[in-house]
Amino acid sequence: MEVLKTVTLSEGINFNLYKGPLGLLCSGGADSSLMLYFVLKNYTGKDPIHVFDLANNPLDLKNTVAVTKVVNKCVELTGNHNVQLHIIHMKGDKPDGPEVLADMVKQVGVNINVLMTGVTKNPPKEVLDTFTDEYGCTKDSNRDAPNPEDSLYDATDEGYPWIYTPWSLIDKQGLGKLYKEHDLMESLFPLTYSCEYYSRDKMYGDVGDKHCGKCWWCQEREWGFGKL
């Protein structure tokens, strides 16, 4: 896959842009939101940038509210309006796995050349050991030891687009550094939503649109960015 442009975001961190149409899997979280910002800021192709979000029913669709705010803010910050947001609703709980996420592209029926995801590396083990698991929400072990060769994956033989994960070798503290260096901590970061506490569990009551501060993902976010 030919790289159209490589942008150096910080020392040792490069961000590739490939030939479109591009698809971005965005959850409203800090990782995919930063990915969207850099794509909108640097991509000059004529093809629209397609953003895909899977409405999460157990999360009371909070991710869908967050991703809409994030897209609007990224457009405002970059001046790039060449973006289309696709929100996919489905019954039941949010399924897991890259195949399920990539199936959203098929469901919408748009042509995508490269599909981008905001997956990051897990924190170091000594940090992970300090995180608590209060109601069964734990880390993704696939993020423990990422392979640099897997950051761009040819999934065309499986019926999917090429898949690019620009943050696969970067943990949340690395992303926190990017947010600060690019002056996004006060503009973009507050609109993102990383919490995975489902209010139906009612362990701490309904936290509304706030972060619960207790789930694994909130702990990782606070470690990486210094605040929720």
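None of the figures in this text is laboratory data; all of them are computed from the coordinates on show. Given the structure is predicted, the values throughout are model-derived calculations rather than measurements. Cβ placement follows ideal geometry from the backbone for every residue including glycine, while neighbour counts extend to all protein chains displayed.
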(request) Please go through the residue pairs Lys172/Lys227; Lys5/Lys46; Lys19/Lys177; Lys177/Lys210; Lys19/Lys41; Lys62/Lys214 and name each one whose alpha carbons sit more than 20 Å apart in this structure. (result) Lys19/Lys177; Lys177/Lys210
(request) Using per-residue counts of other Cβ atoms within 10 Å, averaged over each peptide, order 43-53, 11-21 from highest down. (result) 43-53, 11-21
(request) Go through 176-184, 217-225, 78-86 and give me the packing order, highest mean Cβ count within 10 Å leading. (result) 217-225, 176-184, 78-86
